[in-house]
Amino acid sequence: MVENHFRHLPVVDDQGGVVGLLDIAKCLNDAISKLEKSQSRGKNTAQEALEKAMQAQGTQNAQAAAALQALLGPLMSQAFGSQTSPTLRSLLAGKPSTVVGPETNLLEAGIKMAESRKAALVVEDGRLTGIFGFKDMCNRVIAKELPLEDTQISSVMTPNPEFVSPEMTVLEALQTMHDNSFLTLPVCEDDGTVVGLVNVMDVIYGCGGAEGWRSIFSSSLELDDLSETA
């Protein structure tokens, strides 16, 4: 899912019947919850799980083990203590945002959202006034058969959304998404100036990428196994 930028992945049985749907946000939240649960049992449990994950992946030699430790270290440290990680400002550097005005019609906003594959930030006088996502498009527009060219985005957006500072670290953003069940986070300066928008996939790639998350998901499973046998 991480490698291919898939938010969802159908699960089928041997006969081709659909038995479920994986949601990367749910997988992410479950992994974090297991890490948080292990925190109450002591930091040694996390270290043991990391070591077992390394062994399971065949990283017996010192060089490979050191590389994996460097990759997973910031993630594990953030879960169990303070650790510096990239900020949202650096993550968003050079990346355009889907910014529209409150009078933008839904057709125009939808085209921009499709091109960027991100929710639209509604900005007026340089300040964030709302957010409009793909779920909003489905539930508030398509389901109600609203005319796209004649409907202003301000009439269907979520007004006054919460936002975070660009100085927030990527891992802090990940924790905020987990705690509040957010899939996206608007990022604004202290004076309200919009910096951009990050989604769950941005954050995943900002703190480890595909290899990092393959390892952290494995580590969370190891933590679960250890907690049951402790």
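The values are calculated or read from the model by the stated rules, or taken from the named source; none is laboratory data. Since we're looking at a predicted model, the values are computed, not measured. Reconstructed Cβ throughout: ideal geometry from the backbone, glycine too, with neighbour counts over all protein chains shown. Heavy atoms of the whole protein, side chains included, go into the accessibility calculation; ligands, DNA and RNA do not. Shrake-Rupley method; radii C 1.70, N 1.55, O 1.52, S 1.80 Å.
Select from the stretch 165-194 the residues that are farther than 22 Å from residue 124 by Cβ and in a loop (DSSP other than H, G, I, E, B) and list them in ascending order.
Step one: list which residues in the stretch 165-194 are farther than 22 Å from residue 124 by Cβ, which gives 167-183.
167, 168, 181, 182, 183 - these are the residues of the stretch 165-194 that are farther than 22 Å from residue 124 by Cβ and in a loop (DSSP other than H, G, I, E, B).
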Among the residues of the stretch 89-108, the number that are over 14 Å from residue 152 (Cα atoms), open to solvent by 30 Å² or more (accessible area, probe 1.4 Å), assigned to a loop (DSSP other than H, G, I, E, B) and touching a residue at least 12 places away in the same chain (Cβ under 8 Å) is 3
Taking the stretch 109-164 and keeping only residues that are open to solvent by 40 Å² or more (accessible area, probe 1.4 Å) and assigned to a strand (DSSP E or B), one is left with 124, 127, 152, 158, 159
Of those in the stretch 124-166 that are aromatic (Phe, Trp, Tyr) and touching a helix residue (DSSP H, G or I) at 6+ places or on another chain (Cβ under 9 Å), the residue farthest from residue 100 (Cα to Cα) is 134
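Of the residues in the stretch 171-185, how many are out of contact with any strand residue (DSSP E or B) (no Cβ under 7 Å at 6 or more places or on another chain) and either surrounded by 18 or more Cβ atoms within 10 Å (Cβ to Cβ) or on the phi < 0 side of the Ramachandran plot (or both)?
Filtering the stretch 171-185 down to residues out of contact with any strand residue (DSSP E or B) (no Cβ under 7 Å at 6 or more places or on another chain) leaves 171-172, 174-175, 178-182.
If we keep only those that are either surrounded by 18 or more Cβ atoms within 10 Å (Cβ to Cβ) or on the phi < 0 side of the Ramachandran plot (or both) as well, we get 171-172, 174-175, 178-180, 182.
Within the stretch 171-185, residues that are out of contact with any strand residue (DSSP E or B) (no Cβ under 7 Å at 6 or more places or on another chain) and either surrounded by 18 or more Cβ atoms within 10 Å (Cβ to Cβ) or on the phi < 0 side of the Ramachandran plot (or both) number 8.
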